[in-house]
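Comments concern the structure below.
The values are calculated or read from the model by the stated rules, or taken from the named source; none is laboratory data. Since the model is a prediction, treat every value here as computed from it, not as a measurement. Because the Cβ atoms are built from the backbone with ideal geometry, glycine has one as well, and the counts that use them run over all protein chains shown. Side chains included, ligands, DNA and RNA excluded: accessible areas come from the protein's heavy atoms. Shrake-Rupley method; radii C 1.70, N 1.55, O 1.52, S 1.80 Å.
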Amino acid sequence: MSTRVWVDIALFVGYVLLSAPQTTGIAFHEYFTIAFIPIFIAHIVLDWSWITRVFKRNPTKRSNEVRFNRSFDIILFVGMVIVTYSGFLVSESILPDFGIDPAATSFWSTTHDVSGNLLILLVGIHVAVHWPWIKRNISRIRPSRATA
Amino acid sequence: MKPWLSRNTMPIVLVLVASALVVGAFEAIDAFAGESPQLVNEASGAEPAGVASVGGLIKVAAFLGIGALIAKPIRSRFSGQASVQE
């Protein structure tokens, strides 16, 4: 359980840093994405049993919260993939560093900007909706650290 | 590390396949939109400077805060209990 919590904390802190290229700089914004992708995949994989439960549950027995989370998490996943992929296509640091011309179109540039801003809002909702779980598990790992 | 990977191969593959599908769909939209490449904006690649650079973090905090506020009515509408994630 504590691994999941630590991965989630790393994911959130990493996401905040990634979402502020004006603060961290474009080079950090792009290179840190490379480190962020495995953390994002680990977040999904570590919660895989919850995901399969939510998706396999009998439709008639599904609560409104489960239905909401299911649809919302799909939107969040799609948004995360779009913002990451479009980010690589409009790269100003990584691709040029490797001698690749990013050949960005305004379609991908607009997609990156719009999906990036929208995603911050969606992540805010995601964190707030799961806040009881986050609070519960952070308080669970705190005493175990004190006794270690 | 290896047992963890082999245990979780299926979800990892599914995540990658789902990502590829999303990318494919957006590439199709891009092909439909059909635009020629534009020059990368030199100015936008400039490194941030001074107090103005904090604006990026303020924006993220504000957007996350608005998201959290939106989540309040969502939580009261969709749940009577704590998060289902166990």
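Of interest is the spacing of the C-alpha centroids, which for the range A:1-57 and the range A:84-148 amounts to 7 Å. Using a 1.4 angstrom probe on protein heavy atoms only, the contact between B and A buries about 4700 square angstrom of accessible area, both sides summed.
The apolar share of the surface of chain A, taken as the fraction of accessible area on carbon and sulfur atoms (1.4 Å probe, ligands and nucleic acids excluded), comes to 68 percent. Semi-axes of the equivalent ellipsoid for the range A:69-148, computed as √(5λ) from the eigenvalues of its C-alpha gyration tensor and ordered from largest down, come to 35, 18, 8 Å. Convert each backbone phi in the range A:75-91 into a coupling constant with the Karplus relation 6.51 cos²θ - 1.76 cosθ + 1.60 (shift: θ = phi - 60°), then list the ³J(HN,Hα) values in order as whole Hz, x for Gly and Pro. The phi angles translate into 4, 4, 5, 4, x, 5, 5, 5, 5, 5, 5, 5, x, 5, 6, 9, 3 Hz.
On the principal axes of its alpha carbon atoms, the range A:3-141 extends 53, 34, 22 Å, with the longest extent given first. Using θ = phi - 60° and the Karplus form 6.51 cos²θ - 1.76 cosθ + 1.60, what ³J(HN,Hα) does each residue of the range B:57-65 get, whole Hz, x for Gly and Pro? Here the 3J(HN,Hα) series is 5, 4, 4, 4, 4, 5, 5, 5, x Hz. Here the Karplus relation 6.51 cos²θ - 1.76 cosθ + 1.60, evaluated at θ = phi - 60°, turns the backbone of the range A:17-26 into coupling constants of 5, 5, 7, 10, x, 5, 8, 8, x, 5 Hz, with x for every Gly and Pro.
Modelled label positions at residue B:17 and residue A:75, each set 7 Å beyond Cα in the direction of Cβ, lie 2.6 nm from each other.
Per residue, chain A exposes 49 Å² of solvent-accessible protein surface, assessed with a 1.4 angstrom probe and all protein chains in place. Compared with the dominant Cα axis of chain A, that is its longest principal axis, helix A:131-147 is turned about 80°.
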